[in-house]
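First up is the structure itself, then whatever we jot down about it.
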Amino acid sequence: MNDPQFGKDENQEIISLEGSKIKKIKDEVQKNPNQFWSDCAKNLVWFKEWEQVLDWKYPFAKWFRGGKLNAAYNCLDKHLTTNKKNQAAIIWEGEDGKSVTITYSQLFRRVNQLANAFKKMGIEKGDRITIYLPMIPELPISMLACARIGAIHSVIFSGFSSQSIIDRVNDAKSKIIVTADGGYRRGKIVPLKRIVDEAVKHTPSIEKVIVVKRTYEDIITGENDVWYENIVNRESSFCPSEWMESNDPLFILYTSGTTGKPKGVVHGNGGYLTHLYNSAKWVFNFDPTDIFFCTADIGWITGHSYVVYAPLMHGVTEVIYEGAPDFPSPDQYWKIVEKNGVTILYTTPTALRSYMRYGNEIPNSYDLSSLRLLGTVGEPINPEVWKWYFNVIGKNNCPIIDTWWQTETGGIMISMCPGIENIKMKPGSGSFSLPGIEIEIVDDKGSRIKDDKKGYLTIKKPWPGMLLSLWNNNERYKKTYWEKVDNSFFAGDFAYIDKDKYIWILGRADDVLKVSGHRLGTIELESAFVSHPSISEAAVTSRSDEIKGETIIAFLVLKKGIESSQHLSIEVNEYIKRTIGPIASAEKIFFVNKLPKTRSGKIMRRLLKSIVNKETIGDISTLEDEASIEEITHELDAINKQI
């Protein structure tokens, strides 16, 4: 290794800036985009070829119109005639120490049995099935069983409340809920069936509740409840694949909306699967022998796309982990990497920041030499965290792919592409858009802005992985994504492109702070705080100010062994002034033991903002640990009394 910052491999030439191979592909896309995407789609197995690559009636896109295929067939059947048949498809690691390995042929059998059970219950193509399960093998099995018969799955994250289930089930009008007696979370049992029981009192469309035995808790069973094992074990191990038109819905995934009502993002079959297959090929450069560990919960889009569909389409072995990264000890990921010989780790900057807090001794005590590629997802990665990931976890030997994408985009949109060629890495930058994806940064009026200027990230042309619409709400789809900037998809993120054309994501546009007329992204501020040698995690929010508009409030978690003090607070603020400028000086710095995060690992900045502005705190049902909110509120109250 010659340059640890940029990850140069002695046997590989690093192309300056965007690589020549990638640039050549992008030039070809510009000349004939339909031919490019047609070639990409041919990586899938189609029962009937499409009649039209793209039917674009702004803002609705139909990709590979007229083509017929099946997602489960592309994930399972196509591997049964190869040597992958007896290869591990899923290695499942439970929080309680249990471990299960399922081969491709075994997964095929289980999916087909459940698909037949669904059909026996009267489920037909187009019907909706809600899945409310912990991270156990039955979760991807349920999704694939839906896909096999053409049912539309709606997965609900197992940390959500009964009200969240009610809202989503009633919107989708699901006929079945697949759940479990309970799930494990940090050593405690989450009473999933009890939560479902409360919800189904208010969901008239539900006909059956299928229950998986996970914790073997005593639960109340009603007349509409059936045990998963009882209905599956008696079924045939083969169910014919439904021929799905490319634009038939594959799933609905609900995501938060500014109005409080969740948005039902709908993804189809052909375009979505094409995007996933090719983005995984370019970004992860999958090899048949890879052991792929994506740490995301399947309840989120990352889990749908890069835990379930993309790895299985490529026939690699994937690791699914049920628990939290730091329970019962802050080494769970490293244990799993060593035990299973993981070759690709795809995780969140939040998890990495948490691990950084405990120092280097823990990861250095594990054999991580099997790793060849590291990735991040969910939010931009701070440069300091990137360097720790590269040096300590990758041992200066693994490229890092920092990916940007959203529930709505379906798959990765911005990333390095080692599957095409290696390029120079810039810690904290996602680098470039993928082939076929056209990104533009615009100002408040929707006009393209110069490089190095901050603005709003937009996508200029349709892409195969894009959402079809919002479930039963085309008007909201148009208003949310297409009315803010003419003829462009509005992603809602703040970003800029540097002089070398690298893209830098600065966080959600609604997380931008406006201090004395200056717009500052929360991500750039938090990255500056984390770059201080005493700080492991940072969350930045604002307080209303009559003169400045907003002032900066920082919540900081110190590294292990560092004590908080007034002197340190002053030192950190002076450091921020030198790093970003005087405008970035924090009005207040609070040292806390933990930050309020959702169970998917995202910092709940809106809650912090509510606290500092003494507003009503909204729904916290997805919080990882409510104690962090209580701690911050208590500390703020104590400090405010002294002001």
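What follows is calculated from the coordinates using simple rules that are stated; it is not laboratory data. Computed from a predicted model, the values in this text were never measured in an experiment. Ideal geometry is used to build each Cβ from the backbone, glycine not excepted, and the neighbour counts take in all protein chains shown.
Which whole-number percent gives the relative contact order of the range 434-511, counting Cα pairs below 8 Å spaced six or more residues apart? List each step's numbers first, then the result.
On the way: 126 pairs, mean separation 24.0, N = 78.
So the answer I get is 31 percent.
So for the chain, averaging the separation of alpha carbon pairs under 8 Å that are six or more residues apart and normalising by length, what relative contact order in percent results?
12
Have a look at TYR228, VAL178, ASN32 and report the one farthest towards the positive end of the charge dipole of the chain, computed about the Cα centre with Cβ charges (Lys/Arg +1, Asp/Glu -1).
The listed residue farthest towards the positive side: ASN32.
So for the pair LYS478, THR82, with labels modelled 7 Å out along Cα→Cβ, what separation do we get in nm?
Roughly 4.3 nm, to one decimal.
Under a crude label model (7 Å from the Cα following the beta-carbon direction), how far is GLU630 from SER205 in nanometres?
About 3.8 nm, to one decimal.
Residue separation times 0.36 nm, minus the C-alpha to C-alpha distance between VAL45 and ASP96: what's the value? Provide the component values of the computation, followed by the final result.
On the way: separation 51, 0.36 × 51 = 18.36 nm, distance 3.84 nm.
Going from the current span to full extension adds 14.5 nm.
I need the per residue convex hull volume for the chain, using only the alpha carbons, in cubic angstrom as a whole number. Walk me through the intermediate numbers first.
Numbers: hull volume 99.4 nm³, N = 643.
Residue-normalised Cα hull volume stands at 155 Å³.
Give the calculated FRET efficiency between ILE580 and ASN391 to the nearest 0.05, with a Förster radius of 30 Å applied to their Cβ-Cβ distance. Walk me through the intermediate numbers first.
Values: r = 24 Å, r/R0 = 0.81.
Once rounded, the FRET efficiency stands at 0.80.
So how tilted is helix 566-579 from the main axis of the chain? Cα-based, degrees 0 to 90, rounded to 10.
80
Can you compute 3J(HN,Hα) from phi for each residue in the range 442-455, using the Karplus curve 6.51 cos²θ - 1.76 cosθ + 1.60 with θ = phi - 60°, rounded to whole Hz and x for Gly and Pro?
10, 8, 4, 8, x, 8, 4, 10, 5, 4, 6, 9, 7, x
What angle do you read, to the nearest 10 degrees and between 0 and 90, between the alpha-carbon axis of helix 138-149 and the longest principal axis of the chain?
50
Which value, in debye to the nearest 20, gives the size of the charge dipole of the chain about its Cα centre, when Lys and Arg are +1 and Asp and Glu are -1 at the Cβ?
Working: 80 positive and 81 negative charges, 236 e Å.
The dipole magnitude comes to about 1140 debye.
Given the C-alpha centroids of the range 205-234 and the range 526-551, what is the distance between them in whole angstrom?
Each part's Cα centre sits 48 Å from the other's.
Mean residue ellipticity at 222 nm from the helices of the chain, using -39,500 (n - 2.57) per DSSP H segment of n ≥ 4 over the full residue count, to the nearest 500 deg cm²/dmol?
Working: 19 runs with 182 residues, N = 643.
Helix contribution divided over all residues of the chain: -8000 deg cm²/dmol.
Where a ≥ b ≥ c are the square roots of the eigenvalues of the C-alpha gyration tensor, would you call the range 207-354 rounded, which needs a/c under 1.5, or, failing that, prolate if a/b is larger than b/c, or oblate? The partial results should precede the final answer.
On the way: a/c = 1.40, a/b = 1.15, b/c = 1.22.
Judged from the Cα gyration tensor, the range 207-354 comes out rounded (a/c under 1.5).
Count the DSSP beta bridges whose two residues both fall in the chain, then state the antiparallel fraction as a percent rounded to the nearest 5.
Numbers: 56 of 97 bridges.
Once the DSSP bridges in the chain are tallied, antiparallel ones form about 60 percent.
Starting from the Cα gyration tensor of the range 374-441, take the square roots of the eigenvalues, sort them a ≥ b ≥ c, and report rounded, prolate or oblate (rounded when a/c is under 1.5, otherwise prolate if a/b is larger than b/c, else oblate).
Working: a/c = 2.09, a/b = 1.59, b/c = 1.32.
It comes out prolate by the Cα gyration axes.
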